[in-house]
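A short worksheet on the structure shown next.
Nothing in this text is a laboratory measurement; each read-out follows from the coordinates by a stated rule. Predicted, not measured: the structure shown is a model, and the values here were computed from it. Cβ atoms come from the backbone with ideal geometry, glycine included; neighbour counts cover every protein chain shown.
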Amino acid sequence: MARGPDLTDTIVAPATARERGYPRAIVRISGKDTADLLKKTFSADDGRPLESHSNPVHLKGMVRIAEPDCEVHAQVLFWPGNRSYTRQASAEIHLPGSLPLVDSLMDELVINGARLAEPGEFTLRAFLSGRMDLTEAEAVLGVINAVDQRNLDVALNQLSGGIAQPLAHARENLITTLAHLEAGLDFVEEDIEFVTPQQVVAMIDGCLETLENLEAQIRGRQQLEQGFRVVLYGLPNSGKSSLFNRLIQSRTNPTEHATAGPSIVSNVSGTTRDFNSARVLVAGHEVTLIDTAGVDEPQGEQRFQASDSPLDHAQEKSQEVVQQADVVLFCIDSSRPIQSWESSVLEKGDFREVFVCLTKSDLQQEPTLDPGPDELSGRFPVVSCSSETGEGLDELIRALETRILDNRTETVSGTAVRCRQSIMDAIQALNQARELVENLSGDELVASELRLALNAIGLITGAVYTDDILDVVFGQFCIGK
Ligand code: GDP
């Protein structure tokens with residue numbers, strides 16, 4: 001939606017879907033001329049003039065349309081004052097669900113001086129009037145666009161509070177602290193301390209905790225939306241491809257095709273040179289499973305450096321894929337001693353999350369791993385499994401399910417990216433403020449960081465908003481919402 005519609009214009013739009021078969025249609029009006037427009041097309045059965053109402057009313061009567069000349073029964077909800085959705089004089093005309101009838105009524109209203117609403121303009125007005133904050137406005141969008149029950153639940157949850165509440169709380173604390181700091185600055189000559197550095201740090205820590213939790217929630221949500229990524233990683237012949245194939249055999253979503261064919265299972269080291277991936281359903285969520293088979297054991301750091309060789313290229317790619325994984329299934333062949341590369345990878349633990357899969361458990365050799373499974377399980381989740389017998393696979397899938405379900409959070413998709421960025425900006429400013437307090441750098445600098453944090457939070461809660469954000473958010477609405 002291009003910005004700049006006149007928000008005092010009186011706008012009209014059908015609020016119901018333009019589809020046949022609905023018994024009722026609703027046309028919405030909002031703006032200062034609502035009563036005048038209504039008067040020209042609607043006469044109430046009770047005969048009372050519309051101006052005589054000072055409170056919202058539900059009226060029954062007739063709608064008259066000049067072209068084609070007709071009259072139909074209709075009901076009107078009329079908000080004469082600012083107790084409406086948009087906080088402007090507003091009305092809803094409920095009439096029989098006939099598309100030509102709705103079109104004729106819309107024409108009539110436009111001829112009489114109304115303007116057709118732009119997409120999302122009713123909700124934009126509600127937002128700008130302070131009726132709702134941005135997260136709520138986006139939740140309205142979420143409700144309208146919800147494709148399944150889960151999305152709908154999340155949107156409704158957000159509409160009734162969601163992340164807005166903890167944010168508002170953090171914001172109030174920040175404003176109070178800032179007010180104290182600024183009061184101190186005003187009375188700097190008198191040497192009065194309105195707030196101690198300890199109090200400022202305590203408040204910052206409280207806000208940081210709230211914001212970091214929200215950020216983690218939103219990140220979790222994004223991961224779910226982008227599809228959770230599970231990557232099989234390990235030395236050649238550690239059993240990755242076999243495990244990949246076993247997992248996709250049991251978990252492939254029947255309505256989706258695997259994005260690649262089954263990988264080649266081979267006992268020749270590094271036969272599979274590129275990655276295979278498949279989409280599988282775990283705990284009702286789509287998960288991308290990626291097999292990095294085919295990457296030889298790196299021999300020193302130089303193996304990770306850029307090179308034209310296809311093998312080095314594959315290793316680089318595999319590093320990249322592993323870095324982006326939500327969970328890495330680190331496969332270690334349990335039938336042979338642990339290799340130095342495996343130990344060093346575990347030592348570094350450079351993963352977001354790792355499950356150690358001790359593969360080929362059916363080979364029943366003496367445990368030759370060092371560190372052994374017990375020691376490993378003290379540091380990582382460890383699953384002993386066999387792609388040959390299927391042992392441990394259920395346990396592995398359950399562990400993944402738990403991980404995915406733990407990640408479920410409470411924000412609507414459209415909000416996530418921008419909210420998260422704003423929250424991260426606020427976290428950065430607060431960390432900076434904390435450091436300044438601790439270094440006794442002066443209240444002016446601390447106050448300025450707190451203001452930055454407040455601004456960032458305000459971008460979500462609606463106290464500060466920019467045209468760009470409004471365009472993105474409200475442009476996604478349907479007309480009439
Ligand atoms: P990758 O190179 O890590 O992908 O390893 P593969 O999955 O290709 O397996 C290497 C070799 O180990 C193949 O000969 C597989 O048949 C064998 N293998 C893999 N998993 C198991 C297992 O659970 N039990 C047994 N006995 N052999 C396995």
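Phi angles of segment 233-242 translate, via the Karplus equation with coefficients 6.51, -1.76, 1.60 and θ = phi - 60°, into HN-Hα couplings of 9, x, 5, x, 6, 7, x, 5, 4, 5 Hz per residue; Gly and Pro are given as x.
If the segment from Arg451 to Asp36 were pulled out straight at 0.36 nm per residue, it would be longer than the present Cα-Cα gap by 144.9 nm.
Going from the residue with the fewest nearby Cβ atoms within 10 Å to the one with the most, Tyr233, Tyr85 rank Tyr85, Tyr233. Shown is the FRET efficiency for Ala202 and Met424, computed with R0 = 22 Å from the Cβ-Cβ distance and rounded to the nearest 0.05: 0.50.
Between Ala89 and Gly31, the built amide H atoms are under 5 Å apart, and every one of these is 5 or more places off in sequence or on another chain.
Taking 0.36 nm per residue of separation and subtracting the Cα-Cα distance, full extension of the segment from Asp107 to Glu67 would add 13.5 nm. Under 5 Å from the amide H of Phe228 lie the amide H atoms of Thr288, each residue being 5 or more positions distant or on a separate chain, with H modelled from the backbone and absent for Pro and chain starts. Legend: ranking of residues Arg83, Arg279, Arg171 from fewest to most surrounding C-beta atoms inside 10 Å; resulting order Arg83, Arg279, Arg171. In terms of the Cα gyration tensor, with a ≥ b ≥ c the square roots of its eigenvalues, is segment 30-107 rounded because a/c is under 1.5, prolate because a/b exceeds b/c, or oblate? It comes out prolate by the Cα gyration axes. Ile65 sits among other residues whose Cβ lies under 11 Å from its own Cβ, and their net charge, with Lys and Arg +1 and Asp and Glu -1, is -4. 3J(HN,Hα) couplings calculated from phi for segment 206-216 with the Karplus curve 6.51 cos²θ - 1.76 cosθ + 1.60 (θ = phi - 60°) are, in sequence order, x, 5, 4, 4, 4, 5, 5, 5, 5, 4, 5 Hz; Gly and Pro show x. For segment 431-447, putting each phi into the Karplus relation 6.51 cos²θ - 1.76 cosθ + 1.60 with θ = phi - 60° gives couplings of 4, 5, 4, 4, 4, 5, 5, 5, 8, 6, 7, x, 5, 4, 5, 4, 4 Hz, in residue order, rounded to whole numbers and with x for Gly and Pro.
Could you name the lysines whose alpha carbon sits less than 21 Å from that of Lys60, not counting residues in the same chain fewer than 8 places away? Cα-Cα hits under 21 Å: Lys39, Lys40.
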